[in-house]
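The values are calculated or read from the model by the stated rules, or taken from the named source; none is laboratory data. Predicted model, so just to flag it, every value in this text is computed and none were measured. Positions of Cβ are generated from backbone atoms using ideal geometry, with glycine treated the same way; all protein chains shown enter the neighbour counts. Note: accessible area is taken over every heavy atom of the protein model, side chains too, but ligands, DNA and RNA are not part of it. Shrake-Rupley method; radii C 1.70, N 1.55, O 1.52, S 1.80 Å.
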Amino acid sequence: MIYIYNDFGGTHTTALAAAYHLKLIPGGRKLTKKEILAVPYFNKLNSSDMGKFIFHGIDDDGNPVYTVGRGASKHMITAFNNLSLLLHEKYNGNEKIVFSNTSPTVPFAMTIGGLFSRWLKIDFIGVPFLVLGAKQCYRNVIRLVDYTKKSGHATEEKVQVLYNDSFK
């Protein structure tokens, strides 16, 4: 199985989701500012990284975990889904792929932080908002990761797209 966490920028909740999935950070408490900022790729990607699949590691079950920023396009996941199905069909792929949208977990503070830090390049304003947002949403991100893993194991579909609207 291949897990791919996605959202607008691919650098905040997706990075947190990948880190929780891979047990790189503790899941039972709020993270410290230092722990949040040490999460691989957290607040490190730019608009030029949109659409790039970023490999984060292999989980306890031997499954690769990726993230991707899809930008403002609502159709990017549909394209990824269709490409995945095409590759399965054409090349007899048997690896399940789970696309999991982390956008519903993004709090307003993280949106503001991403705007200032990633788009306006004003880290001294953006980073505190990003840290606050990460502390606000950690429970939802952990629940989303657990749901993603369970859904991946429960489905027989070759490609599964999780929109995760219930995590708003």
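Taking the conditions exactly as written (touching a Ser or Thr at 6+ places or on another chain (Cβ under 7 Å) and under 18 Å from Asn164 (Cβ atoms)), does Gly27 satisfy them or not? Even if it seems obvious, please write down each step before you answer.
Working: touching a Ser or Thr at 6+ places or on another chain (Cβ under 7 Å): no; under 18 Å from Asn164 (Cβ atoms): yes.
No: the conditions fail for Gly27.
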(message) What pairs come out if I take residues in the range 89-110 that are in contact (Cβ under 8 Å) with a residue 60 or more places away in the chain and pair them with residues that are small (Gly, Ala, Ser) and assigned to a helix (DSSP H, G or I) whose C-beta lies under 6 Å away, six or more apart or interchain?
(response) Ile97/Ser84; Val98/Gly152; Thr102/Ala17; Met110/Gly133
(message) Please go through the range 62-119 and give me each residue that is closer than 19 Å to Ser48 by Cβ and of a type in the set (Val, Ile, Thr), ordered by number.
(response) Thr67, Val68
(request) Residues that are open to solvent by 30 Å² or more (accessible area, probe 1.4 Å) and of a type in the set (Asp, Glu): find the helices (runs of 4 or more DSSP H) completely inside the range 76-163 holding 1 or more of those. (result) 76-91, 123-154
